[in-house]
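Asks: I have a structure here, written as structure tokens, and I will follow up with some questions on it.
The values are calculated or read from the model by the stated rules, or taken from the named source; none is laboratory data. Predicted model, so just to flag it, every value in this text is computed and none were measured. Cβ: placed from backbone, ideal geometry, glycine included. Neighbour counts: every protein chain shown.
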Amino acid sequence: MSLAALDLSGRPEGLAAVRHDWTREEVRGLFALPFTDLVFRAAEVHRAYFDPAEVQISTLLSIKTGGCPEDCAYCPQSAKFDTGVDAGKLMSLDAVLTEARAAKAGGASRFCMGAAWRSPKDRDLDKVCAMVEGVKALGLETCVTLGMLEAAQAQRLKGSGLDYYNHNLDTSPEFYGEIISTRTYQDRLDTLAHVRDAGINVCCGGIVGMGEGIEDRVGMIATLASLPVHPESVPINMLVQVKGTPLSGTAKLDAFDFVRTIAVARITMPASMVRLSAGREDMSEETQALCFLAGANSIFCGPKLLTTPNPARDRDMAMLAKLGLRPMA
Ligand code: SF4
């Protein structure tokens with residue numbers, strides 16, 4: 001594919017600034033570009049839609065840890081794997097608000113809360129709605145990830161003022177069955193549709209480095225980029241291998257392939273926040289800088305990402321300062 005052919009790939013002056021009809025062939029063509037051409041094109045798209053010097057700082061808190069009945073092969077919180085993560089109870093409202101205040105004081109503008117559930121029970125949803133209301137009252141953007149949702153549950157969350165719901169597609173439809181057996185790809189798409197129909201912004205991305213092939217990264221991005229409305233937030237995670245999970249010991253993905261995935265997400269979903277998510281603890285600053293150049297404009301700050309290690313805030317702030325980047329207001 002020539003670079004000229006890509007001029008329609010998400011530039012505001014192009015024929016279609018934001019497209020929803022990305023074919024796998026086109027997405028494959030982007031992945032196949034010379035690395036520098038791909039990153040250059042992604043940086044152009046990034047600059048057309050965002051201030052490239054700004055990075056959104058988010059905080060992710062596990063409000064209910066472990067004991068999950070699902071079998072996501074990457075996840076230390078599944079009850080099916082012996083990973084040393086103990087099952088906890090849902091945190092209290094006060095404890096969550098204390099964490100949210102600390103996150104805000106530390107520069108976060110968005111506060112995400114995750115619960116290790118297949119889907120929330122109605123009595124738990126009431127408690128989560130109170131947390132959303134409390135966190136919003138602090139002036140923070142809110143996001144929750146609670147598993148599968150019914151339409152009525154999505155409406156209740158919307159009523160509490162929730163800004164974003166996270167539910168990842170994880171990988172391509174073809175590779176999905178290698179990773180999860182307890183819910184289907186269609187289940188995930190259904191939850192995303194309920195969230196969208198309720199008027200909540202969608203946070204949806206995936207994980208790379210799970211032993212998938214290039215065609216699976218193509219399939220994942222093509223699926224996300226051809227949703228009727230692009231997710232407003234697209235987290236791209238590098239697998240964090242946890243002992244005891246089936247994916248522990250998987251061959252590591254080359255850092256350039258990770259950056260390519262970020263770049264293709266940026267080009268195909270130009271107006272979305274592309275979040276450089278899990279896996280930064282083991283990622284060099286140079287790789288992260290390439291991710292920012294390729295269009296990533298959001299990170300999670302704080303020493304833990306649910307249950308896995310993440311760079312401490314001071315380290316991230318020092319890195320952003322070195323790169324001349326600043327937290328998004
Ligand atoms: S990723 Fe979520 S749904 Fe899957 S096992 Fe972990 S906590 Fe459960």
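Asks: Pairs only if they're at least six apart or on different chains, beta carbon under 6 angstrom, first in the range 203-227 and within 20 Å of Leu189 (Cα to Cα), second surrounded by fewer than 23 Cβ atoms within 10 Å (Cβ to Cβ) and of a type in the set (Lys, Arg); list them, first residue then second.
Replies: Listed by first residue and then by second, the contacts come to Val218/Arg24; Val218/Arg28; Ala222/Arg24.
Asks: How about the range 44-67: which of its residues are farther than 15 Å from Arg110 by Cα and small (Gly, Ala, Ser)?
Replies: Ala48, Ala53, Gly66, Gly67
Asks: Same structure again: Which ranges mark the strands (runs of 3 or more DSSP E) fully within the range 223-329 that have 3 or more residues being closer than 25 Å to Cys143 by Cβ and in contact with a helix residue (DSSP H, G or I) (Cβ under 6 Å, 6 or more places away or on another chain)? Talk me through it step by step, then tell me what you get.
Replies: Numbers: elements: 233-238, 273-276, 298-300.
Of the strands (runs of 3 or more DSSP E) lying wholly inside the range 223-329, those with at least 3 residues that are closer than 25 Å to Cys143 by Cβ and in contact with a helix residue (DSSP H, G or I) (Cβ under 6 Å, 6 or more places away or on another chain) span 233-238.
Asks: Working carefully through the options Thr98, Thr145, find the one that is within 15 Å of the ligand (Cβ to nearest atom) and out of contact with any helix residue (DSSP H, G or I) (no Cβ under 7 Å at 6 or more places or on another chain). Walk me through it before giving the result.
Replies: On the way: Thr98 fails: within 15 Å of the ligand (Cβ to nearest atom).
Exactly one residue qualifies, and that residue is Thr145.
Asks: Please go through the range 76-92 and pick out each residue that is away from the ligand (no atom under 14 Å from the Cβ) and farther than 24 Å from Arg313 by Cα.
Replies: Scanning the range 76-92 gives Gly84, Lys89, Ser92.
Asks: I'm trying to understand the selection: among the residues of the range 105-135, which are in contact with a Phe, Trp or Tyr (Cβ under 9 Å, 6 or more places away or on another chain) and modelled with pLDDT of 90 or more?
Replies: Passing the criteria: Cys112, Asp124, Val135.
Asks: Return yes or no: is Ala73 touching a helix residue (DSSP H, G or I) at 6+ places or on another chain (Cβ under 7 Å), aliphatic (A, V, I, L, M), within 16 Å of the ligand (Cβ to nearest atom) and in contact (Cβ under 8 Å) with a residue 60 or more places away in the chain?
Replies: Criteria met by Ala73.
Asks: Sticking with this one: How many residues are under 17 Å from the mean Cα position of the chain (by Cα) and either modelled with pLDDT under 95 or among the hydrophobic types (A, V, I, L, M, F, W, C) (or both) when one looks only at the range 242-274?
Replies: 11
Asks: So if I check each of Gly139, Gly159, Gly134, Gly114, which one is away from the ligand (no atom under 16 Å from the Cβ), of a type outside the set (A, V, I, L, M, F, W, C) and touching a residue at least 40 places away in the same chain (Cβ under 8 Å)?
Replies: Selected residue: Gly134, the only one of Gly139, Gly159, Gly134, Gly114 that is away from the ligand (no atom under 16 Å from the Cβ), of a type outside the set (A, V, I, L, M, F, W, C) and touching a residue at least 40 places away in the same chain (Cβ under 8 Å).
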